[in-house]
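Heads up, the thing below is written out as structure tokens.
The values are calculated or read from the model by the stated rules, or taken from the named source; none is laboratory data. Given the structure is predicted, the values throughout are model-derived calculations rather than measurements. Don't worry about glycine lacking a Cβ; one is built from the backbone with ideal geometry, like all the others, and counts go over all protein chains shown. The protein model used for the area step is the full one, side chains on, heavy atoms only, and it has no ligands, DNA or RNA in it. Shrake-Rupley method; radii C 1.70, N 1.55, O 1.52, S 1.80 Å.
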Amino acid sequence: MTAQQPTYDLVGIGIGPFNLSLAALADRVPDLTTLFLDGKPAFSWHPGLLMEGTTLQVPFLADLVTMADPTNPWSYLNYLRHHQRMFPFFFSERFHIPRREYDHYCRWVAERLPNTRFDAHVTALTWDETTHTFTVTHRAADGTTTRLSARQIVLGTGTTPTVPPALQHLLTPQHTGRVLHSADYRTHRTALGALDDVTVIGAGQSGAEVALDLIRHQDGDGRGGPHTRWLARTPAFAPMEYSKIGLEHFTPDYIDYFRALPDTTRERLTRRQWQLYKGVSEETLGEIHDELYERTIGGGRPRADLHPGVEITAAHHDGHRYHLTCHHTEQQRDFTVTTDAVVAATGYAPTRPALLDPLLDLIDLDPRGRYQIDGDYRVALDPRVTGTLYVQNAEMHTHGVGAPDLTLGAWRAATILNAATGADTLPVPRRTSWTTFGAPTTGHDGDHDTPTPPATVGTRP
């Protein structure tokens, strides 16, 4: 059965925090028709890592709307008010809120917004030259197919877990629950905690939280629970850059600077900035150290090993246990680790969803197959396409390390909303940092000194 739907001004595909932010901000714009679609039955945000005691790495003000519209009713503070928790929150003196609460807050918003629709898996996106609109085809769990039209599309399908190449051949049903990405950790947490030996790979916040949780499965004297081994390719288990000036890398000013750099410079710079987005909170590192220290009381030894500067080059299963061939990058030495399970906390990467396949001939990709994205987050398209395609969290190669960070979520959504409406619907600030990124310019008499960004790439030249 196929049902026809009206034409919308803006349709979002995928409802993670970033498109949910756009949906919440658009909810207050009169005469703008929007709809946001997601195939899941309800909103969920990294459910595999929602352990007790874990917190966001950004302050609560980086909610869905506040950094763009502090008066918006879909703010985190309004969520607290609706749940009669304002006084408990005030007395808790929290700046960083629990991850579980952030997930609950987002679900509260997603369930109440009139422009979000779940159980709507988008299967195809095409361009109709006769109506000058995109056609969006989506399917419900019961098989019902619906088609609708949109003048503009915002792609927010998120990122997918990545694992080292050496482990990819072990991601099969035979090894389910024994070789996994940290995105699935909570599902297998109890079983992993009962094993003798578990290896965690990855030096970011997720790897630290998984390692800490496994260490806490051990008895106070270090007996029981799994021997926990934490391996990382980075040269150290280092804290995330959290100085006030350092955090200015997560501002629109830095995005303007980064966009003006040559591609090769951007690639090199992003690799060097790993502590901006792959580091661990000092609090989590401190908790790991404290847990290990507790287990030395009375002469004990913690059943844990921490190895930075290590790459996994090969892996195999002998029918009982896993054998990882490791290479220490500084000593240039190889060694082998034998373990009962491997948790790869090795991050996420943007992928081009299959729903774009019918549109691929009209998308202008760079030589590495990535979107070309302008300052308003428009994707470069063939001139025959008069509609607009935007993307969220697929632009680290063009916009820098702030792409996946929640800090910039509401600002980016406001930027897209302004572009979509062709007006300053939600005015964004002109100056956002004390740092001048790049060589200073003269003659601005107080204006912020940042290089001029490159020309927009909304359509192919």
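Within the accessible area of segment 117-188, the carbon and sulfur atoms contribute 48%, probe 1.4 Å, all protein chains present. Only helices enter this figure: runs of n ≥ 4 DSSP H residues, each worth -39500 (n - 2.57), summed and divided by the residues of the chain, yield -7000 deg cm²/dmol at 222 nm to the nearest 500. Remark: segment 244-260, residue by residue, has Karplus-estimated 3J(HN,Hα) of 5, 6, x, 5, 5, 5, 9, 10, x, 4, 5, 4, 4, 4, 4, 4, 7 Hz, where x stands for each Gly or Pro and the curve is 6.51 cos²θ - 1.76 cosθ + 1.60 at θ = phi - 60°. Close amide-amide hydrogen proximity is noted between V391 and L155, V379, each under 5 Å apart and 5 or more residues distant or on a separate chain (H modeled in the peptide plane; Pro and chain starts excluded). A 1.4 Å probe run over segment 262-310, with the rest of the protein chains in place, finds 61 Å² accessible per residue.
Converting phi to 3J(HN,Hα) with the Karplus coefficients 6.51, -1.76 and 1.60 and the offset θ = phi - 60°, segment 15-25 yields 10, x, x, 6, 6, 5, 4, 5, 4, 5, 5 Hz in sequence order, with x at every glycine or proline.
Close amide H pairs (under 5 Å, H built 1.01 Å from N) link A120 with D38, G39, K40, residues at least 5 positions away or on another chain. In terms of modelled amide H atoms, which long-range or inter-chain residues lie less than 5 Å from the amide H of H217? Correct list: empty. When a 1.4 Å probe is rolled over the protein heavy atoms, the share of accessible surface on segment 277-367 that falls to carbon and sulfur comes to 47 percent.
On a per residue basis, segment 37-162 carries 48 Å² of accessible surface, using protein heavy atoms and a 1.4 Å probe. Placing a label point 7 Å from the Cα of A354 along the Cα-to-Cβ direction, the residues of segment 29-48 whose backbone N falls under 20 Å of that point are 37-41.
Per-atom-type breakdown for segment 371-412 gives carbon and sulfur 50% of the accessible area (1.4 Å probe, protein chains only).
Inter-label distance, H83 to H320: 4.8 nm, where each label sits 7 Å from its Cα along the C-beta direction. Applying the Karplus relation 6.51 cos²θ - 1.76 cosθ + 1.60 with θ = phi - 60° to segment 348-353 yields 3J(HN,Hα) values of 9, 9, x, 10, 7, x Hz, where x marks Gly and Pro.
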